[in-house]
Structures are given as C-alpha cells and as structure tokens.
1. Using a 1.4 Å probe and counting only protein heavy atoms, arrange Lys79, Lys60, Lys177 so the residue with the most accessible area comes first.
2. Give, as ranges by residue number, the residues of segment 9-44 whose backbone N falls under 18 Å from the point 7 Å along Cα→Cβ of Ser50.
3. Filter the cross-link list Lys79/Lys168; Lys119/Lys204; Lys129/Lys204; Lys84/Lys168; Lys69/Lys177 down to pairs whose alpha-carbon distance in this structure exceeds 29 Å.
4. If exposed means no more than 10 neighbouring beta carbons inside 10 Å and the site is in a DSSP loop, what's the longest run of the chain without any exposed GluC sites (Glu not before Pro)?
5. To the nearest 20 Debye, how big is the dipole of segment 97-150 about its Cα centre, given +1 on the beta carbon of each Lys and Arg and -1 on that of each Asp and Glu?
6. Using r as the Cβ-Cβ distance of Asp156 and Glu222, and R0 as 25 Å, what FRET efficiency do you calculate, to the nearest 0.05?
7. With every protein chain left in place, what is the accessible area per residue of segment 66-115 in square angstrom, probe 1.4 Å?
8. Which one is right for this structure if mean projected area of the Cα convex hull in nm² is calculated from it: (i) 18.6; (ii) 12.3; (iii) 15.5?
Amino acid sequence: MGKEIAVIMAAGLGSRMRPLTETVPKPLAEVGGRTLVETVIRGLHGRGISEIYIVVGYLKEKFTYLCDKYAGICLIENKEYQEKNNISSIYAARGILGSADCFICEADLFVSDPAVFCKHLDGSGYFGKMVHGYSADWVFEQQDGYISRIGKGGTDVYNMVGISYFKKEDARFLVKKVIEVYDEEASGELYWDEVADRSLQELKLKVFPVTERQIVEIDTVEELYALRAAEGEEN
C-alpha cells in the first residue's frame, strides 16, 4: 500500500441542527464522550493514515484543539462555505487532493466501527449501505460492477454514507473537473459528488459495502438524540 492521506470536510453551517449548532459546529457534537469528527479521525488512524486535512469554515476556531490533540492534523480554511455548496471544500483542498491516494470524508459521521476504514480498496469508490425499498437520499446505481449514477432517489440501491476513496490519479482528475466548473455562475449550488457523477465514464467508481450500524450520518438534532439513546446516553 502506498501513501494515503485524508480530507475531512467540516466547513458547513449545520443549520438543520440549530439551536445546538449556534455555538458548536455539528462535527463537534458528542456521542459517547467523543466528538463525531474524532470517530472519523480514529478510524483513519487505525488504517495508518497520519496526514489528515480538515476543511473548516463555520466556527473554524473551535477545531484548533484537534491540531494539539492529534499529530498530523492540518486545518484548511474554506472562505466560501456560506456562498457555495460543498464543492467549495473540495476546491479549498485542491492543492492537497491528487498528491496521494485519498479518503474524502464528511465530518458529521459517527463511526462506531473504526475497522471499516481497514477494508481492502482495489480502486476508487464510495462506501455505501444497502437500503431495500425506496430511498430519497443520495444513492448509487450500478452497472457492470461500477457506479452508473450518483444522485438522489432510488430503489434497492446503496446509499451514500459520507466516505469515499480516490486513487491518486482519480483524485487529480476530480480536482481538475472541479476547477473547470468552479467559476461558473451555477457552480455554487453544486455538491462535489455531482461533479463525480458527470465523470463516471472516466473515474470507474465502485461501491464498498458497509453495514448500517458501522457508520451513522447525523443530519438533525433528532438523529443525534436517537444515536445518544442507542449508545445508552441521556440527552
């Protein structure tokens, strides 16, 4: 295995979790005595990744303790997190992405099983959990063993769980495509995954299956409280 790095995207406002996120950025919400982002860091460290870049924006000063607590953490500021969608975080990390094989992770994940990061990954792709029946979330359709569509809504398909892995060459290609569209007027509304979706012929992305409990994405206060309750905590 060659060198691997990780980019964790933690710049967003977390507006769906107000009032909690008025003073605490969503990735620093705690479950079981650990912040969400630290469960991601722990999993990455378990794979042996020591070079981790966290893209920050909203309440960015709250994340500085991570640089003291963990070796190899570097913060990258996304100055456009309020004006543009999460494509701006990939753009902010453009100087890093493509320098090595790379995980791209959301920061609002509770990784209950850090070993999920230790999978053998034989190419680029997204981690996904199978959902039977219709799902309105971000999903992956597949054809001939590769992802054929990344988008919202699908039946009996893998759902996005907030972790992806790009080989060095594919990460470089993704950044190139992000840069190409970034200054277009409509690009501010884009999720970076939509750029990946437009490039599936070139990227050849796979789905790496995980179970529902290994990775839990937190979008609302209700989901946070439900997870705390499942972990035996009182809110």
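The values are calculated or read from the model by the stated rules, or taken from the named source; none is laboratory data. Remember, predicted model here, so these are calculated numbers, not experimental data. Heads up, the Cβs are rebuilt from the backbone with ideal geometry, glycines too, and the neighbour counts pull from every protein chain shown. In case anyone asks, the SASA skips ligands and DNA or RNA and just uses the protein heavy atoms, side chains included. Shrake-Rupley method; radii C 1.70, N 1.55, O 1.52, S 1.80 Å.
1. In descending accessible area the options line up as Lys79, Lys60, Lys177.
2. Backbone N within reach: 41-44.
3. Table pairs above 29 Å Cα-Cα are Lys69/Lys177.
4. Longest run free of exposed loop sites: 84-183.
5. 60
6. On the way: r = 26 Å, r/R0 = 1.04.
My answer for the efficiency is 0.45.
7. 41
8. Checking each listed value against the structure points to (ii).
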